[in-house]
Amino acid sequence: MKTDEELIRGFLGGDRQAFGELVERHQRRVYNLSYRMLGRPEDAADATQDVFVACLRKLSGFRGTSSFPTWLHRVTMNVCYDILRKRSREQPAEDALPEPAGADHADAAAVGVDVQRALLQIPEEFRAVVLMHDALGIPYEEIAEALGAPIGTVKSRLHRGRVALARALGREHGGGSDGSKRADDRAP
Amino acid sequence: MTEHPDELLAAYVDGTLDPSERTEIDAHVDSCDVCSEEVALARRAREAVEALTELPVPAGVEWRLRKITATRSFWTTRRAWVATGAAAAAAAIVGVFLVIAGPQEGRDEAGSGGPPATDVGAPAAPSSGAEEATILAGFAYPTYAETDANYNPSSLGVRARDLRAEARSALAAGFPESGRRFYRSADLETLPEPAKTALSCVTEAAQPEETTVPFHIEAASFEDEPAYLAAFLQAGSADQSYEHIVLYVVAREECGLLHFSSQPL
């Protein structure tokens, strides 16, 4: 199997098929990151398309100083921020949350919707880091590179983001946030 | 130890601290109610996000992505022309892609017009890059296609979504981004037939202003009646970027408006 760099070189050398392979390899991550950031399938579809169109245009300028996935994550986040800015201009006061989950919170699908709704309630810069680290498994250093932020900032946003998310989830489940200290809350 | 060490708490929850740091944080968390609450919350959040299922890419999105590469070859050539400044000579030649749909390889739906990778019926494909640039130079929009599709309002909605995706791609690739720029670079009088007749018929029905530019016209049918499907990009003013894509359906015989829809770009 060819590496990303080999596919990129191939594409720049005229092999259009190589770009298609690159897209297929990475489209799922880009779509999922976009969907979790934006909360709407239509916006995620637009974002995914915009990411790969931007990719196509900028690929000749890709120097390989960061890895391709890191570069792709950066492009994805920029595209998502653009869409979020545009959305807030068009609907300043509107609550952009998806439909409320059903009453049965034991249903796994409903729980996923609750988490998604809670994600949309936390600040975007926190959401970005929480998604990249906890949903996509990207290490701190790569997140820092993708976002152009110091690694300390990444970790700080990760912690604050998780705390904010848990509180938002608490609100989603109809109660206040659960602040009780549990006996098993120490590090292993 | 700073008061509430957010950076270290993230790593603490992730279990990535080295042993000495971890001992320090253990002690801190034990003595700090705020931090110990936050660690519990952070763990809950991390678990919840980790448990999110990875969604498959919807089929419509995959299809749009596959089309990106097909559009690229057209724009590469057009940009090469712009870079060489062959504007004066090229302005006399207008590139229009005429596509006759039918059983064709790689077509999964009728009437996907727009800049195709290969074209049938357009000026013969030249062998050298320079000649290709000349023929494709000049104005290439609106694109034109003839198909045997018979649309109804519902299949029109599907087509509208595809055209919207193509328009977004074209805009990202350099399509003139405002009405003023479009009409400055286009001399629609020089559009060759049958595109010219089609555009004139559509214009009669739709009466677009300088804020609205033609992107694609398809000669097809609408509810069994021969009709043009015309996609226009529309902005709030002649100098603003487009915000909507408007689809007009116009009867071919008497050039009357049959149907109209609009959606945000």
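The values are calculated or read from the model by the stated rules, or taken from the named source; none is laboratory data. Only a predicted model underlies this, so the values are computations on that prediction, with no experimental measurement involved. So basically every Cβ, Gly included, is an ideal-geometry build from the backbone, and we count neighbours across all protein chains shown. Side chains are part of the model used for accessible areas, which takes the heavy atoms of the whole protein and leaves out ligands, DNA and RNA. Shrake-Rupley method; radii C 1.70, N 1.55, O 1.52, S 1.80 Å.
A few comments on the model shown:
- For A:Val113, the requirement of being of a type in the set (Val, Ile, Thr), open to solvent by 30 Å² or more (accessible area, probe 1.4 Å) and either touching a helix residue (DSSP H, G or I) at 6+ places or on another chain (Cβ under 6 Å) or more than 9 Å from every other protein chain (Cβ to nearest Cβ) (or both) is met.
- In the range A:38-55, the qualifying residues are those that are without any contact (Cβ under 8 Å) to a residue 12 or more places away in the chain and of a type outside the set (A, V, I, L, M, F, W, C), and the one that is farthest from B:Leu163 (Cα to Cα) is A:Pro41.
- When residues of the range A:48-74 are limited to those that are more than 9 Å from every other protein chain (Cβ to nearest Cβ) and modelled with pLDDT of 90 or more, the one surrounded by the fewest Cβ atoms within 10 Å (Cβ to Cβ): A:Arg74
- Test: B:Gln240 is touching a Ser or Thr at 6+ places or on another chain (Cβ under 8 Å), open to solvent by 70 Å² or more (accessible area, probe 1.4 Å) and more than 12 Å from B:Glu146 (Cα to Cα): yes
- Residue match in the range A:28-37 (condition: more than 19 Å from B:Arg164 (Cα to Cα), basic (Lys, Arg) and crowded, with 22+ Cβ neighbours inside 10 Å): yes
- All positions within the range A:1-51 that are under 12 Å from the mean Cα position of the chain (by Cα) and of a type in the set (D, E, K, R): A:Arg28, A:Arg29, A:Arg36
- The one condition from (1) of a type in the set (D, E, K, R); (2) touching a Gly at 6+ places or on another chain (Cβ under 7 Å); (3) surrounded by 16 or more Cβ atoms within 10 Å (Cβ to Cβ) that B:Glu210 does not meet is (3).
- Meets criteria (free of Cβ contacts under 8 Å to residues at least 24 places away in the same chain and more than 7 Å from every other protein chain (Cβ to nearest Cβ)) for B:Ala59: yes
- Complete set of residues in the range A:145-159 that are touching a His at 6+ places or on another chain (Cβ under 6 Å) and modelled with pLDDT under 95: A:Ala146
- Considered as a group, the residues in the range B:20-43 that are open to solvent by less than 70 Å² (accessible area, probe 1.4 Å) and at the interface with another protein chain (Cβ under 7 Å from one of its Cβ atoms) include one that is farthest from A:Gly161 (Cα to Cα), and that residue is B:Asp26.
Yes/no per residue for (1) part of a helix (DSSP H, G or I); (2) facing chain B (nearest Cβ under 9 Å); (3) farther than 14 Å from B:Glu47 by Cβ:
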{"residue": "A:Glu141", "(1), (2), (3)": "yes, no, yes"}
{"residue": "A:Gly152", "(1), (2), (3)": "yes, yes, yes"}
{"residue": "A:Ser156", "(1), (2), (3)": "yes, yes, yes"}
{"residue": "A:Ala166", "(1), (2), (3)": "yes, yes, no"}
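- The lone exception for B:Glu225 - which of (1) over 19 Å from B:Ala167 (Cα atoms); (2) touching a residue at least 40 places away in the same chain (Cβ under 8 Å) it fails: (2)
- Candidates B:Ala27, B:Ala45, B:Ala80 - the one that is within 40 Å of the chain's Cα centre (by Cα) and at pLDDT below 95: B:Ala80
- Residues that are free of Cβ contacts under 8 Å to residues at least 12 places away in the same chain and buried (at least 17 other Cβ atoms within 10 Å of the Cβ), drawn from the range A:6-17: A:Gly10
- Filter result for B:Glu218 (open to solvent by 20 Å² or more (accessible area, probe 1.4 Å) and touching a residue at least 12 places away in the same chain (Cβ under 8 Å)): no
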